[in-house]
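First up is the structure itself, then whatever we jot down about it.
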Amino acid sequence: VQLQASGGGLVRPGGSLRLSCAASGSIFSVNPVGWYRQPPGKQRESVATITRGGITNYADSVKGRFTISRDNTKTEWYLQMNSLKPEDTAVYYCNAVNYLTSVHYWGKGTQVTVSS
């Protein structure tokens, strides 16, 4: 499974960004999918996940501001980030889990910087 993330960048506090992740390869056993982030000097943390059936889960710090969605026909998923804060600054990684083996797949990170 190969994952390709895109959509990061520099945004002012209160602004919005949309991240996209495209999956290819042996994706039939991948579920759930989601986004993680790694702030500077900190450990990687889960941001949001979504199952094939559309069940979502969010970190408390992003609830009400971030929305994860997926397009199963295109094997893509997205993270709409609104009301961004400086503490959202991090490298964001898209993630997919093989539900048969519990193996995690990772895309290359995309930098999100929230700064005035």
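The values are calculated or read from the model by the stated rules, or taken from the named source; none is laboratory data. All values reported here derive from a predicted model rather than from experimental measurement. Note: ideal-geometry Cβ built from the backbone for every residue, glycine included; neighbour counts use all protein chains shown. We work out accessible area using only protein heavy atoms, side chains counted, and drop any ligands, DNA or RNA first. Shrake-Rupley method; radii C 1.70, N 1.55, O 1.52, S 1.80 Å.
Odds and ends about this structure:
- Per-residue accessible area (protein heavy atoms, 1.4 Å probe) orders Arg12, Arg18, Arg70 as Arg12, Arg18, Arg70, starting from the largest.
- Excluding same-chain neighbours fewer than eight residues apart, the lysines reachable from Lys63 by a Cα-Cα span under 23 Å are Lys42, Lys85.
- Heavy atoms of Lys63 accessible to a 1.4 Å probe, total area in Å² rounded to 10: 120
- Relative contact order of the chain, pairs being alpha-carbon contacts under 8 Å that are 6 or more residues apart, as %: 37
- Within straight-line cross-link reach of Lys74, lysines at Cα separation under 21 Å, skipping those fewer than 8 residues along the same chain: Lys108
- Ligands, DNA and RNA are left out, and with a 1.4 angstrom probe the accessible area of the chain is 53 Å² per residue.
- Charge tally for Cys94 (other residues, Cβ to Cβ under 15 Å; Lys, Arg +1; Asp, Glu -1): +3.
- Cα-projected label distance for Thr113 with Gln4, points at 7 Å along beta-carbon direction, nm: 2.5
- Sequence of Arg52, Arg37 from largest to smallest accessible area, 1.4 Å probe: Arg52, Arg37
- Rolling a 1.4 Å probe across all protein chains gives Thr101 an accessible area of roughly 80 Å².
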